[in-house]
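All remarks here apply to the structure that follows.
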Amino acid sequence: MSKVRRFAVLTGGGDCPGLNAVIRGVVKTFLNNGCEIYGVLNGFNGLINGTLVPMSHASISGILQRGGTVLGSTNRDNPFKFAVEKDGEITYEDRSADIVANLQKYEIEALVVIGGDGSLNIGAQLARESGVKVVGCPKTIDNDLPCTERTFGFDTAMAMATEALDRIHTTAESHHRVMALEVMGRYAGWIALHSGIAGGADVILLPEIPYKIESVIKKIEDRKAAGKDFTIIVVAEGAKPEGGELSVARIVKNSFEQIRLGGAGEKLVREIEERTGIESRCTVLGYLQRGGTPTAFDRVLSTRYGVAAAEACLRGEYNVMVSLCHDKIETVYIQRAAGNRQVELDNEIIKAGRQLGISFGD
């Protein structure tokens, strides 16, 4: 009698709409192919401490439409640089051997890592240095991972930002204000670009295009001269003025993402109001983009990714990430998948925006 194959799945980094749909796709595919599947609790912390739970059809019932992750997550516990507090001081330890030991203890053949660049980098390092068999799934609302056309979670975040712009629009028009919406995205402007186009923004400021405040003000004044007494601006959190610095909200140690961006929108509206005298306000959308029910598109994409990741494991194709390419799911070498993909300056959507008269601040 042949031995039952056994796998594990974890979610790492920040939460994201569609995570549960991926987990569901992974678990169902393994179970329907006669395998056993364990869920790792709280990301890589669970692998370090050996907190794995068996998954069943019952454990994934009703999770397709839920936001967040039923397995829990963390963006702090890098096993190769694990923070330990002793006598009030933080030191770092390499705990990757504990991960290998726990995978062997549970007789896990391979690990499905659902995460963004931080988690996928750790997965790639485990494959490269510790011999762990890994399959990655590209997760981030920022849509900034290379080697895939779309990450799950992005569509939901874009839809939330677009809805916010629709609501802000009425207040801006009623009170004759400049209204800015600051959106997430880190160092890539995908959310700002797509939601700005969908929400009818007049100005879209991206990390990829350092802006001139004079250009932004000219757009506001041109609209006023044309009889439009309000302006809608979308500001990516990583946007910065030409020759200026990023707006950093705070520094967080022991995290994949130590630099937390924030404040770009407030900085912008203060300067606009000082220079023009027009009442200007900023709304920071923040974690509303990451929470809640995933869109139908993200549910379908997440499910496809989950199934594809499990199928890669079943056929023994390891150390890869599942990827969307020309609307088909493929696999790419995981070492290539971790990194940052920014909006190209010749992107067709930017060109379309310019034809509409949208200012990108340059």
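The values are calculated or read from the model by the stated rules, or taken from the named source; none is laboratory data. This one's a predicted model, so the numbers in the text were calculated from it and none came from an experiment. With ideal geometry, Cβ positions are generated from the backbone for all residues, glycine too; neighbour counts draw on all protein chains shown. The protein model used for the area step is the full one, side chains on, heavy atoms only, and it has no ligands, DNA or RNA in it. Shrake-Rupley method; radii C 1.70, N 1.55, O 1.52, S 1.80 Å.
Taking segment 15-57 as the range and being in a loop (DSSP other than H, G, I, E, B) and surrounded by 24 or more Cβ atoms within 10 Å (Cβ to Cβ) as the test, the residues that pass are Cys16, Pro17, Gly18, Gly43, Met55.
For beta carbons closer than 6 Å, sequence separation of 6+ or different chains, a first residue in segment 156-169 that is under 22 Å from Leu19 (Cα atoms) and a second that is open to solvent by less than 20 Å² (accessible area, probe 1.4 Å) and of a type in the set (Ser, Thr, Tyr), the qualifying pairs are Met158/Ser195; Ala161/Ser195; Thr162/Ser195. Set side by side, the residues Asp144, Asp77 differ, and just one is open to solvent by less than 10 Å² (accessible area, probe 1.4 Å), not β-branched (Val, Ile, Thr) and not in a helix (DSSP H, G or I), which is Asp144.
Could you list all residues from segment 289-340 that are in contact with a helix residue (DSSP H, G or I) (Cβ under 6 Å, 6 or more places away or on another chain), part of a helix (DSSP H, G or I), closer than 30 Å to Ala164 by Cβ and open to solvent by 10 Å² or more (accessible area, probe 1.4 Å)? Scanning segment 289-340 gives Phe297, Arg299, Thr303.
Taking helices (runs of 4 or more DSSP H) as the structural unit, those lying wholly within segment 153-230 and holding at least 2 residues that are more than 23 Å from the chain's Cα centre (by Cα) and of a type in the set (A, V, I, L, M, F, W, C) correspond to 154-175, 213-225.
Of the residues making up segment 114-155, those that are more than 16 Å from Ser73 (Cα to Cα) and of a type in the set (A, V, I, L, M) are Ala124, Leu126, Ala127, Val132, Val134, Val135, Leu145.
Ala124 passes every criterion in (1) open to solvent by less than 60 Å² (accessible area, probe 1.4 Å); (2) in contact with a Leu (Cβ under 8 Å, 6 or more places away or on another chain) apart from (2).
Against the condition open to solvent by less than 40 Å² (accessible area, probe 1.4 Å) and either over 25 Å from Val70 (Cβ atoms) or among the aromatic types (Phe, Trp, Tyr) (or both), how does Gly353 come out, does it pass?
On the way: open to solvent by less than 40 Å² (accessible area, probe 1.4 Å): yes; either over 25 Å from Val70 (Cβ atoms) or among the aromatic types (Phe, Trp, Tyr) (or both): yes.
It is true that Gly353 is open to solvent by less than 40 Å² (accessible area, probe 1.4 Å) and either over 25 Å from Val70 (Cβ atoms) or among the aromatic types (Phe, Trp, Tyr) (or both).
Can you say whether Gly196 is at pLDDT below 90 and open to solvent by less than 50 Å² (accessible area, probe 1.4 Å), as far as the supplied structure shows? No: the conditions fail for Gly196.
On the given criteria, is Gly68 modelled with pLDDT under 95, open to solvent by less than 40 Å² (accessible area, probe 1.4 Å), in a loop (DSSP other than H, G, I, E, B) and out of contact with any Lys or Arg (no Cβ under 6 Å at 6 or more places or on another chain)? Step through it out loud before you land on a result.
Numbers: modelled with pLDDT under 95: yes; open to solvent by less than 40 Å² (accessible area, probe 1.4 Å): yes; in a loop (DSSP other than H, G, I, E, B): yes; out of contact with any Lys or Arg (no Cβ under 6 Å at 6 or more places or on another chain): yes.
Considered against the rule, which asks whether it is modelled with pLDDT under 95, open to solvent by less than 40 Å² (accessible area, probe 1.4 Å), in a loop (DSSP other than H, G, I, E, B) and out of contact with any Lys or Arg (no Cβ under 6 Å at 6 or more places or on another chain), Gly68 comes out as yes.
So if I check each of Val135, Val100, Val84, Val113, which one is touching a residue at least 24 places away in the same chain (Cβ under 8 Å), open to solvent by 20 Å² or more (accessible area, probe 1.4 Å) and either of a type in the set (Asp, Glu) or at negative phi (or both)? Answer to the selection: Val100.
Picking from residues in segment 289-308 that are charged (D, E, K, R) and under 14 Å from the mean Cα position of the chain (by Cα), the one that is nearest to Val26 (Cα to Cα) is Asp298.
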